[in-house]
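Reading through the structure tokens given below for one structure.
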Amino acid sequence: MRTLLVVLLVLLVVTALAVTRIPARLAIEQLPAGPVQLVQPAGTLWQGQARLFLEGEALGLVSWDLDALALGSLTLAVELSLNGSAVDLSGPVQINRDQEVRFALDGSLGNALLVRVLAPYDIRIDGDLELTGVRGAFALPELLERIQLQALSGALAWDGGLTSYTLQNGTTTTQLPPLSAQLALTEERQPEVEVYTPGVTYPVLFTSITSEQFVKIGVTRRFTEIARMPWPGSEPDHAVVLEVEQQLF
């Protein structure tokens, strides 16, 4: 019995060593086509890097480093980082035996990326967006399709600056103060963002994504004053006085 256990242990070690030497290129070539693409891979399946593209847009260089100890609990754990001209993110990602992906990210999204993302909505802002403790979970099979989040939390922060947006009566440019936001999921498990400004204890903006893939924005009376377009009514400052919906591009 002891000899059998030794043989099994040796086979396990040899298999693990073999896996660590599998070129990343061979593994990535097996991935099906989808919105997420990895190109120009280098290194091994255990530790390597590749260029990341999302919906055809280059985001930067993604690097990975697997945690061998986590394999003992049938969990694939990897430390990821994504570095590009407009993105700097890093944190652990885990895939458990139930094919659930959990991630925790910190870093920043640069202004160039924000301008590109907001352009279809006729919005332009200055500055970068900081991410702190952004955590979430989703099912692994959804990675190459439309991801349905099962959990979401974390904080965002923006230093403020000039903001331009276009409405029916033309384009308006205004100076906004620093804003912070809390991430969560609605009861329907759709992403939701509550936006705060210094000195105010209640959210001044509400943003969510509906199941029909529409962005829904609720604007409070207080935010209309911040944006220098004060609401003429007599509602309290925390009341939502304007709601806007627009389909995601």
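Laboratory data are not the source of any read-out in this text; all were calculated from the coordinates shown. Since this is a predicted model, take the numbers as computed values, not measurements. In this analysis, Cβ positions are derived from the backbone assuming ideal geometry, glycine residues included, and neighbour counts consider all displayed protein chains.
Shape summary: segment 98-190 maps onto an equivalent ellipsoid whose semi-axes, from the alpha-carbon gyration tensor, are 30, 16, 12 Å in decreasing order.
Summary value for segment 95-143: 53 percent relative contact order, contacts being C-alpha pairs under 8 angstrom separated by 6+ residues. Over segment 156-208, the ratio between the Cα radius of gyration and 2.2 N^0.38 Å evaluates to 1.33. Modelled spin-label separation between Thr171 and Ser85, with each label point placed 7 Å from Cα along the Cα-to-Cβ direction: 2.2 nm.
Here the convex hull built on the C-alpha positions of segment 70-226 has a volume of 138 cubic angstrom per residue.
The trypsin sites (Lys or Arg not before Pro) found in segment 58-157 that occupy coil by DSSP, while having at most 12 further C-beta atoms within 10 Å, are Arg97, Arg146. Among the GluC sites (Glu not before Pro) in segment 146-215, those located in a DSSP loop and surrounded by at most 11 other Cβ atoms within 10 Å of their own Cβ are Glu187, Glu188, Glu212. In order along segment 181-189, phi translates into HN-Hα couplings of 8, 10, 9, 7, 10, 6, 4, 8, 6 Hz, rounded to whole numbers, per the Karplus curve 6.51 cos²θ - 1.76 cosθ + 1.60 with θ = phi - 60° and x for Gly and Pro. The length gained by stretching the chain between Thr186 and Asn96 to full extension, at 0.36 nm per residue less their Cα-Cα distance, is 30.0 nm.
Which FRET efficiency value, to the nearest 0.05, is calculated for Gln247 and Glu55 with the Förster distance at 22 angstrom and r the Cβ-Cβ distance? That pair, Gln247 with Glu55, gives E of 0.90. Remark: spin-label model distance Ile147-Val200 equals 2.9 nm, labels positioned 7 Å along the Cα→Cβ axis. Average projection, convex hull of the Cα set of segment 52-123: 5.8 square nanometres.
For the pair Leu74 and Val240, label points projected 7 Å from Cα toward Cβ lie 4.3 nm apart. Applying the Karplus relation 6.51 cos²θ - 1.76 cosθ + 1.60 with θ = phi - 60° to segment 118-128 yields 3J(HN,Hα) values of 8, 4, x, 9, 6, 10, 9, 10, 8, x, 9 Hz, where x marks Gly and Pro. The relative contact order of segment 44-163 comes to 16 percent, based on Cα pairs under 8 Å that sit 6 or more residues apart.
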